[in-house]
Amino acid sequence: MIKRIVSHWAIPAMAALFWLLSAGPPAAAHNAFPAREYPLHLGPYSGRALLFNEKVNAGDHIQILLVPDALAKRAGVQFQVRALGPAGATIAAGLAPDENDRGNTAADLVIPAQGAWQIQVTATGRTGTGSDGFLLPVNPAPALSQWAGWAIALSPLLGVAWFALQQRRLLRSVEF
Amino acid sequence: MSAGSVQVGRVVPLPVAAEDTQAAERRESRVRRVLAACIALGFGASIIGVGWDVQWHAAVGRDSFFIPSHLMLYSGVIIAGVLSLALVLRDSRLWRKPGSGVSDANTVHVLGRFYGPIGFIVCGFGMLTLLIAAPFDNDWHELYGIDVTVWAAFHVMGILGAAIGGLGLIYMVASEANRAAAPRPAAEPRPWSPLNGLVVAALAFLLPAPMVLLLPAALQWPTTEIGPLAFLTYPVMVALMTPLVLIAAVRFTGRVGAATLVGLLFTALRLAMVWLAPALTSLLATALHETYRPYAPEYPLVASIYPAWMIVGGLVVDGVYWLAARRSGAPAEHSLRPALIGGVLAMLAMHALDALVVMNGWDLLWDRVWWRPLSMGHDPGYVAMALTLGTLLIVPPALFSAWLGNGLGTVLRVVRQ
């Protein structure tokens with residue numbers, strides 16, 4: 001009974017689990033170590049913007065963590081993040097509380113075109129509003145897309161699947 | 001001994017004396033064991049190289065492909081890959097010579113004209129995967145920078161290659177252990193011979209490479225959030241990898257104690273990495289006048305994400321097998337039930353200790369803070385939900401991993417090629 005359940009449902013259950021893991025939106029997450037740090041002077045508040053992408057390409061998810069200082073946290077600041085493009089384009093970032101520290105804000109931004117973009121951070125709280133920003137150079141989109149990269153990277157799994165099938169046949173031929 | 005007589009333009013092999021064949025097979029076995037030992041040393045260098053490399057990336061940076069940790073990592077890969085390829089080419093030639101000690105009894109047939117031991121073929125495939133991943137990975141770093149996450153396409157490809165190579169090493173040693181001993185009934189325990197011990201050791205050292213994938217689960221995405229729900233990512237991933245080796249060890253040896261031995265060996269490796277990775281990084285950074293990055297970790301990065309309680313997991317698995325054998329009055333190693341129960345209970349025990357200790361940011365073994373405590377920055381309700389759901393979600397991957405481990409252990413008992 002147990003054997004039947006596990007051997008029949010193991011692979012679909014694992015596929016569901018992987019889907020679950022990949023479905024978790026990484027918008028509020030970021031790499032372990034920031035690549036750059038920018039001080040922010042936002043009117044009555046101050047803080048830091050941590051950039052987790054060392055190189056930014058057009059189409060990449062840009063991860064910025066906004067860390068308000070203690071005063072700004074007490075004032076309950078809310079952030080807005082926008083990217084101002086060289087041709088006048090404006091893109092608003094998706095914001096979420098940081099997964100590791102709810103007092104910080106994680107911004108997720110996709111810039112579609114190369115060029116020098118200005119990242120503008122606006123903080124609004126009980127003691128007023130203030131803005132600051134920093135310049136972000138964006139490279140052209142890479143020739144090898146993320147999808148193509150993953151397709152190449154996971155291709156050895158075909159060999160693993162073939163090997164697993166061979167071993168399963170061997171296992172069935174063993175009478176224990 | 002190879003011999004033939006010419007008969008109307010056709011070579012007809014003469015029968016070869018059985019003792020000559022046995023001597024040739026023994027010679028072939030010796031060659032395979034020497035090469036397997038060299039490959040194991042190469043893997044050892046690569047495992048240390050990976051730990052050092054991750055530490056170097058985080059502490060100093062990835063200034064070029066030819067950083068010392070990469071050279072150590074890839075030298076091990078090249079040793080393993082070249083030796084695997086050499087043996088397969090040699091065996092493909094010898095297979096055609098009767099009495100050479102290479103036959104269908106100790107090789108498998110692949111890609112039309114190649115013959116070789118399955119372990120060397122699998123290992124060669126893994127090393128090829130890793131070597132193909134290397135230039136792509138270098139390109140990826142140039143595109144996305146030095147801080148590309150471990151869950152990037154060509155990191156995953158490289159880790160997949162290393163895991164395949166590790167599996168190949170296990171098959172190499174298991175087939176040697178099986179051919180060295182007379183066939184025995186399935187449930188009969190194997191003796192603690194050096195070869196059987198090496199299979200258990202190879203199982204313990206299968207984990208360090210794929211466990212590098214745990215880094216983001218511990219440091220970047222400690223919780224996975226789906227709508228209003230959140231669960232711990234790390235223990236779910238540990239449960240996918242760990243029971244496999246613990247169960248396979250007991251299943252292969254047919255002995256209670258094998259899973260604990262895997263736990264001990266893994267922990268020994270973990271302790272070595274705790275010391276080696278920061279020490280090598282510091283030593284070389286000083287020698288090369290490199291400066292540390294602003295957020296350089298002071299703790300051993302890779303070792304911090306290796307499960308701290310593998311010995312406990314091994315003890316639980318062995319305990320379940322021991323109880324099953326006592327209850328049935330017969331060896332229980334061939335039954336799937338203790339494998340599944342043991343796998344799940346081991347993971348729950350390890351997770352309970354992790355939840356109390358590591359998930360709170362420190363490790364009892366080292367008495368220092370490694371991870372950011374989950375309780376910091378989250379309200380207690382969120383922490384409780386992540387812990388509870390994380391605990392429940394351990395069960396499916398633990399069952400899957402235990403099932404795979406039971407299958408792997410069974411195959412390892414019989415593989416002779």
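The values are calculated or read from the model by the stated rules, or taken from the named source; none is laboratory data. Remember, it's a predicted structure, so these values are computed and weren't measured experimentally. Heads up, the Cβs are rebuilt from the backbone with ideal geometry, glycines too, and the neighbour counts pull from every protein chain shown. Only protein heavy atoms, including side chains, enter the accessible area calculation; ligands, DNA and RNA are left aside. Shrake-Rupley method; radii C 1.70, N 1.55, O 1.52, S 1.80 Å.
Things worth noting here:
- Which listed residue is more than 30 Å from A:P142 (Cβ to Cβ) and either outside any loop (DSSP other than H, G, I, E, B) or out of contact with any Cys (no Cβ under 8 Å at 6 or more places or on another chain) (or both), from B:A58, B:A86: B:A86
- Considered as a group, the residues in region B:273-303 that are open to solvent by less than 60 Å² (accessible area, probe 1.4 Å) and free of Cβ contacts under 8 Å to residues at least 24 places away in the same chain include one that is farthest from the other protein chains (Cβ to nearest Cβ), and that residue is B:A279.
- Residue within region A:158-168 that is within 11 Å of another protein chain (Cβ to nearest Cβ), in contact with a Ser or Thr (Cβ under 7 Å, 6 or more places away or on another chain) and not in a strand (DSSP E or B) present: no
- The one condition in (1) buried (at least 22 other Cβ atoms within 10 Å of the Cβ); (2) small (G, A, S); (3) within 14 Å of chain A (Cβ to nearest Cβ) that B:A177 fails to fulfil: (3)
- Checking the stated criteria, A:N57 turns out not to satisfy the condition of being polar (S, T, N, Q) and without any contact (Cβ under 8 Å) to a residue 40 or more places away in the chain.
- Single residue of region B:29-55 satisfying the filter (among the basic types (K, R) and in contact with a Leu (Cβ under 9 Å, 6 or more places away or on another chain)) that is most open to solvent (accessible area, probe 1.4 Å): B:R33
- A single member of A:L109, A:L136 is away from chain B (no Cβ under 14 Å) and in a strand (DSSP E or B), and it is A:L109.
- Taken across region B:129-145, residues that are more than 9 Å from chain A (Cβ to nearest Cβ), crowded, with 24+ Cβ neighbours inside 10 Å, within 17 Å of the chain's Cα centre (by Cα) and at pLDDT below 95 do occur, with at least one present.
- Only one of A:D69, A:D60 that is charged (D, E, K, R) and more than 22 Å from B:L219 (Cβ to Cβ): A:D69
- Condition check for A:D69: in contact with a strand residue (DSSP E or B) (Cβ under 7 Å, 6 or more places away or on another chain) and of a type in the set (D, E): yes
- Strands (runs of 3 or more DSSP E) within region A:31-87 that include 3 or more residues among the aliphatic types (A, V, I, L, M), out of contact with any helix residue (DSSP H, G or I) (no Cβ under 8 Å at 6 or more places or on another chain) and at pLDDT 85 or above: A:45-51, A:61-68, A:78-84
- Residue count, region A:108-143 (criterion: open to solvent by less than 40 Å² (accessible area, probe 1.4 Å), within 20 Å of the chain's Cα centre (by Cα) and among the aliphatic types (A, V, I, L, M)): 6
- Hey, A:V174 at the interface with another protein chain (Cβ under 7 Å from one of its Cβ atoms) and either closer than 21 Å to B:W151 by Cβ or at pLDDT 90 or above (or both) or not: no
- Residues that are surrounded by fewer than 21 Cβ atoms within 10 Å (Cβ to Cβ) and more than 8 Å from chain A (Cβ to nearest Cβ), drawn from region B:221-236: B:G227, B:P228, B:L229
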